[in-house]
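Taking it in order: structure first as C-alpha cells, then the write-up.
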Amino acid sequence: MNDPLILGLESSCDDTAAAVLRGRQILSSVVMGQAELHAAFGGVVPEIAARAHAEKLDLAIEQALADAGVTLRDIDAVAVTAGPGLIGGVLSGVMMAKGLAAGLGKPLIGVNHLAGHALTPRLTDGLAFPYLMLLVSGGHCQFLIVRGPQEFTRLGGTIDDAPGEAFDKTARLLGLPQPGGPSVEQAALCGDEKRFRFPRPLLDRPGCDLSFSGLKTALLRMRDQIVADQGGLYEQDRADLSAGFQAAVRDVLAEKTRRALALYLADAPEAPAIAIAGGVAANTAIRGALQAICDERGVRFTAPPLALCTDNAAMIAYAGGELLALGELSDMALTARPRWPLDRNAAPLLGSGKKGAKA
Ligand code: KG4
Ligand code: ZN
C-alpha cells in the first residue's frame with residue numbers, strides 16, 4: 001500500500017512554507033521568505049510576520065499542490081507546526097490546517113517545529129533511532145538524543161544567545177551584510193584567527209550547555225579598541241575579527257559535541273550517528289570540525305542539504321507522517337504553543353535565543 005499523501009504547513013517564524021510528501025518522497029516544497037518585510041527593523045517583527053503568513057499561506061499551499069501535481073482532494077492528512085515559535089504566525093498555520101482538515105474530513109496532526117528539524121535526518125538519510133542531533137540556528141542551540149518521533153533527551157543547550165544570532169550580531173558590529181553567518185564566514189576566509197584572543201565560554205564547566213553572548217561582548221571591546229587606536233576598521237581587521245569569532249564558536253561547539261557524543265555512546269547505540277541541522281549547519285568550518293570528531297570516533301556524520309536544514313514544510317509533513325503512523329493525531333482543540341520543549345523531563349531553558357523559542 002502507498003504511504004499516505006501529507007500536506008505540511010510551516011509558519012512559526014519568517015518563512016511561509018507548504019510541502020507535499022509521500023513517505024520520504026518530497027513531491028514539492030515551497031518556502032516563501034519575508035526578509036524584505038523585516039529588513040528595515042533589524043529583526044523579525046511578530047505582527048508583520050503573522051499578517052504575511054495569513055496572506056501567503058494559501059498561495060504557498062496552491063503552489064505546493066500544483067508542483068506536486070495533486071489536488072486538495074488527494075491529500076490524506078494535514079500536518080502543521082503548532083509551536084514553538086511566534087504565536088501569531090503559528091496561529092495562522094494552525095487555523096489554516098484546521099480549516100483544511102475539517103473541510104476535507106481528513107486527519108489533522110500538530111507537529112513540534114523542533115521535532116521537524118530533529119527528524120529531518122530520517123527524511124534525508126533514513127537514520128535509525130537513536131541518533132545524536134546538534135540543532136544550531138538563528139534561534140536555537142541544543143544537543144538532543146533522538147530516540148523516537150516523540151522521544152527526545154536534551155543533553156544541553158545555550159543559556160543565552162543562539163549561535164546564528166551571535167553570527168548576525170557580529171556582522172552588524174563589523175558592518176557586514178545580513179544574514180551574518182555567510183558574510184562572517186566569507187570575511188573569515190582571509191583572516192588570521194589567532195590575532196585576537198576570543199574566550200571559549202563554558203569550557204571550564206562540565207556538561208553540554210553553551211553560551212555565546214560573551215563572544216559578542218568580547219568582539220565589541222576589540223572593535224572599539226581598534227577604532228580608538230587607528231580611527232576605523234580596515235578590511236583586514238574585519239577579516240581577523242571574523243576569523244577569531246568563528247574559531248571560538250567552532251571550538252566551543254566541537255568540545256561540547258565531544259561531551260554529548262560520550263553521553264550518547266554510553267548507551268551503546270547499534271549504528272551511532274550524529275546529525276546537524278539549522279542554518280548554522282551551513283558553516284564549513286563548523287561542519288569540518290564535527291566531521292573530524294566523527295571520523296575520530298568512527299561515528300556516521302550527516303548534514304541534510306541546506307534547504308532542509310533551514311525552516312521548511314517538508315520536515316513538518318515528514319514528522320506528521322511519523323506521528324500519523326503512531327496514531328498520534330490532533331483534533332479541533334489543537335492550539336498554538338509559543339513554548340513547547342521537546343524533552344518534557346529537561347530543566348526549563350534559561351534562554352532559548354533572545355529572538356524567542358524558535359529554531
Ligand atoms: O535555521 P535558520 O535558517 O533560521 C532560523 O533561525 O530559524 O538559521 C538562520 C541562521 C542565521 O542566524 C544565519 O546567520 C545563520 O543561520 N547562518 C550561518 C551560516 N548560514 C546561515 N551561520 C554561520 N555560518 C553560515 N554559513
Ligand atoms: Zn527552525
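A few remarks follow.
- Label sites at ARG287 and PHE41, each approximated as a point 7 angstrom past Cα along Cα to Cβ, lie 3.2 nm apart.
- Label-to-label distance for ASP67 and ARG147 is 3.6 nm, based on points extended 7 Å past Cα in the beta-carbon direction.
- Counting DSSP beta bridges with both ends in the chain, the antiparallel % (nearest 5): 60 percent
- Within a Gaussian network of the chain (alpha carbon springs, distance under 10 Å), most fluctuating of ALA54, ALA228, ALA317: ALA228
- Highest to lowest packing among 206-212, 68-74, scored as the average C-beta count within 10 Å: 206-212, 68-74
- Mean separation of Cα contacts under 8 Å (6+ apart) over length of the stretch 129-304, as relative contact order %: 27 percent
- Across PRO305, PRO272, PRO163, mean-square fluctuation computed from a Gaussian network of the chain (C-alpha pairs under 10 Å connected) peaks at PRO305.
- Helical content of the chain, expressed as a calculated mean residue ellipticity at 222 nm, amounts to -14500 deg cm²/dmol (DSSP H runs of 4 or more residues, -39,500 (n - 2.57) each, divided by residue number, nearest 500).
- Cβ-based charge dipole, the chain, positive-most Cα from TRP340, VAL20, MET32: TRP340
- Cα-based equivalent ellipsoid, the stretch 129-304: semi-axes from gyration tensor eigenvalues, Å: 32, 14, 14
- Using a Gaussian network model of the chain in which every pair of alpha carbons under 10 angstrom is joined by a spring, one finds that among PHE41, PHE152, PHE245 the greatest mean-square fluctuation is at PHE41.
- One decimal place: the segment THR217-ASP331 gains 36.4 nm when fully extended, by the rule 0.36 nm per residue minus the C-alpha distance.
- For the chain, the relative contact order comes to 26 percent (Cα pairs under 8 Å, sequence separation of at least 6).
- Cα centroid of the stretch 159-229 to Cα centroid of the stretch 1-31, whole Å: 35 Å
- Working value for the stretch 219-288: equivalent-ellipsoid semi-axes of 37, 12, 7 Å, each the square root of 5 times a Cα gyration tensor eigenvalue, largest first.
- Ordering 8-15, 119-126 by mean Cβ neighbour count within 10 Å, with the highest value first, yields 8-15, 119-126.
- Using only side-chain charges placed at the Cβ, +1 for Lys and Arg and -1 for Asp and Glu, the dipole size of the chain relative to its Cα centre rounds to 640 debye.
- Size of the chain as Cα extents on the principal axes (Å, biggest first): 68, 50, 34
A short reminder: the numbers here are calculations on the coordinates, not readings from a lab. Just so it is clear, the structure is predicted and the values come from calculations on it, not from any experiment. With ideal geometry, Cβ positions are generated from the backbone for all residues, glycine too; neighbour counts draw on all protein chains shown.
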